[in-house]
Amino acid sequence: MTSPSPTRHSWYEESARGRLAHLLDPGSFTEFLGPERREFSPHLGLFNLPHQLDDGIIVGTGRLDGRPVLVAAQEGRFMGGAIGEVHGAKLTGLLRAARQMKRDVVILFDTGGVRLQEANAGELAISEIIRATLDARAEGVRVVGLLGGRAGCYGGGSLIAGCCSALVISEQGRLSVSGPEVIETNKGVEEFDSRDRALVWRTMGGKHRYLIGGVDLFVDDDVAAFRAGAVAALERPATLDQAVLTAEQARLERRLARFGDAADGTEVWARLGVAHPAGVPDLDTSAFLTIATRKREGADAAR
Amino acid sequence: MRPANILSSLFPAGHDVTEAGGLLGGSGRLDPQTPVDVVGISGKTYPGVDEALALAGRILSIADRPDAAPLLFLVDSGSQRMSRRDELMGLSETLAHLAKALWRAEQAGHRTIGLLYGGSAAGAFIATALACGSLVALPGAWPEVMDLPSMARVTKLSLDVLTEKAAGTPVFAPGLDNLFATGAIAEIWDPDQPLCDQLKALLATTRDDDGRAGWGLERGGRVKAAAIAREVQRLALAHG
């Protein structure tokens, strides 16, 4: 990996509030049910765990390149961005408003999935968020997901991402259902060595997801790049109908037929026609995009 | 109840539902006028990319038909299959696609009813049973997000402590009663009464917007979610 340029401002390292401040037009953000309302989790006390006044998610409205949007940002530094009852309900309420207002939504994902201390409430919240997302998309609302957070986008969070109309990812973004540690704990280190960071990137990292068409845009780990990516993603169609889902079915079946017996990310990339697949993790963004735009499987709005 | 008994109680006039590779497919008739499509996942199968896509494909073909036959989704699964290959191939996309297929069938006029008769967990639960328009269960069903021993490992609490805490709240521990209390499940059916009558009664009700947070409040298992979602929605609309 090349060292970041001095002008770069890492999205990965930023807090959820910091990311929102850089994403939106200056001074345009209004928060709903912010920390001053003290709507925190009622369940963490049982486990003697500290709460956070916004329950690890910021929801509100603002402008992005002049265009009004609803926004939600998960804070990966609070309980790994995990989704509990209040956290989840804030996002559900925002998406229901989006449907009524026909207002596009941008979600800044940073989550390990369900918060185990309130697992049932969190699991159900994810199901409600998914339904609210799809109902909003049925009204033509775009739901854009940004994937570049510290905690990645795992578990039920990755299923919500899979329901978005467009996804933007950085190299550091990780998108998968079972995380490396979960696979290792359940299936053994032979199946997945969670300490092998290179394996993690090759299996669920941003470059692999972009190459197989699992996401739509690949950007630098930089706040300005994510802003530009979000603006571009908001230009993509939000249509969710029989034709789109039939196309997604065909797209995912084609992926399995083409790569389903590949043992590693590098083998998938070789089959895509990438000349030096082992070198892909070392490419900087512009070199990677030069190759990837020619060789990748596109998502073709079939999402 | 086992799938064979469930299917004969649901469809006394017969059915052609078959099982292959842990997946169920076919159809039955509640009465001569009411055909029902059946899909399912059985035998505690852990759905991976292959199973999720096969199920989604069947559901999308049903959604594409002009009729409005209800779709029954029988569920006895594990969690999502945990493997390097499944994640390499994009399991999050395929499970989300399965949830979207169920949503699409409902949009296209087919009531989607999940019938949880065994296990289900984690991402598999979200993409199957919980993605149906209505979810019912049979006693003995065992939904869970994560089992208590695994939860003990992650939370670094002893199993005894977790078990003791679980007695006081339905919010985190596995099991049908806990999931029912949080509002995940509309009804628990009586296995001693004909299931066809209970399905007919459910189909006679109209399904409106997602009311699961309201049930969680009524049943005392998830008391904040409904009000929080409503308040955020109100603030967003008021801001304009």
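Each reported figure results from applying straightforward, stated rules to the coordinates on display, with no laboratory input. From a predicted model like this one, the values you see are computed outputs, not experimental measurements. Methodologically, a virtual Cβ is constructed for each residue, glycine included, from the backbone with ideal geometry; neighbour enumeration extends over all protein chains shown.
At a glance:
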{"quantity": "Alpha-carbon centroid distance for the pair the stretch B:172-240 / the stretch B:104-144, whole angstrom", "calculated": "13"}
{"quantity": "Sites B:A4 and A:R195, calculated FRET efficiency, Cβ-Cβ separation with R0 35 Å, nearest 0.05", "calculated": "0.15"}
{"quantity": "Distance (nanometres) between label positions extended 7 Å along Cα→Cβ at A:T239 and A:K295", "calculated": "3.1"}
{"quantity": "Debye, to nearest 20: dipole size of the protein assembly as shown, +1 on Lys, Arg Cβ, -1 on Asp, Glu Cβ", "calculated": "920"}
{"quantity": "Amide H partners (placed H, <5 Å) of B:L23, local residues excluded", "calculated": "B:S42"}
{"quantity": "Mean projection area, nm², convex hull over Cα of the stretch A:78-154", "calculated": "4.5"}
{"quantity": "Beta bridges per DSSP with both ends in the protein assembly as shown, % antiparallel, nearest 5", "calculated": "40"}
{"quantity": "Cβ neighbours within 10 Å from other chains - mean over B:118-128", "calculated": "4"}
{"quantity": "Normalised per residue, the volume of the convex hull around the Cα set of the stretch A:16-238 (Å³)", "calculated": "116"}
{"quantity": "Computed Kirkwood radius, in angstrom, where 1/r is averaged over Cα pairs of the stretch B:153-210", "calculated": "14.3"}
{"quantity": "Chain B: angle of helix B:225-239 to the longest principal axis, Cα-based, in degrees nearest 10", "calculated": "90"}
{"quantity": "Per residue, the convex hull volume that the Cα atoms of the protein assembly as shown enclose (Å³)", "calculated": "138"}
{"quantity": "Net lengthening on full extension, A:A228/A:R38 (0.36 nm per residue, minus Cα-Cα)", "calculated": "65.1 nm"}
{"quantity": "Shielding by partners - mean other protein chain Cβ count within 10 Å, residues of A:277-287", "calculated": "0"}
{"quantity": "Within the stretch B:1-25, backbone nitrogen closer than 20 Å to the virtual label 7 Å beyond the Cα of B:D190 toward Cβ", "calculated": "B:1-2, B:5-12"}
{"quantity": "Alpha-carbon Rg/Rh ratio, for the stretch B:1-132, with Rh computed the Kirkwood way", "calculated": "0.96"}
{"quantity": "Estimated inter-spin distance, A:S10 and B:D31, nm [label 7 Å along Cα→Cβ]", "calculated": "6.7"}
{"quantity": "DSSP-loop trypsin sites (Lys or Arg not before Pro) across the stretch A:1-78, with at most 15 other Cβ within 10 angstrom", "calculated": "A:R8, A:R38, A:R77"}
{"quantity": "Long-range amide H partners of A:F32 with built H, under 5 Å", "calculated": "A:V59, A:G60, A:T61"}
{"quantity": "Contour excess over end-to-end distance, with Cα ends at B:E164 and B:L203 and 0.36 nm allotted per residue", "calculated": "10.1 nm"}
{"quantity": "Average Cα contact separation per residue, chain B, under 8 Å, 6 or more apart, as relative contact order %", "calculated": "15"}
{"quantity": "Crossing angle, helix A:285-295 versus chain A [Cα axis fit, 0-90 degrees, rounded to tens]", "calculated": "70"}
{"quantity": "Spread of Cα-to-Cα distances over 5 Å intervals beginning at zero, given as percent, for chain B", "calculated": "1, 6, 13, 16, 19, 17, 13, 8, 5, 2, 0, 0"}
{"quantity": "Cα coordinate range in the stretch A:188-241, projected on the principal axes (Å, largest first)", "calculated": "43, 33, 15"}
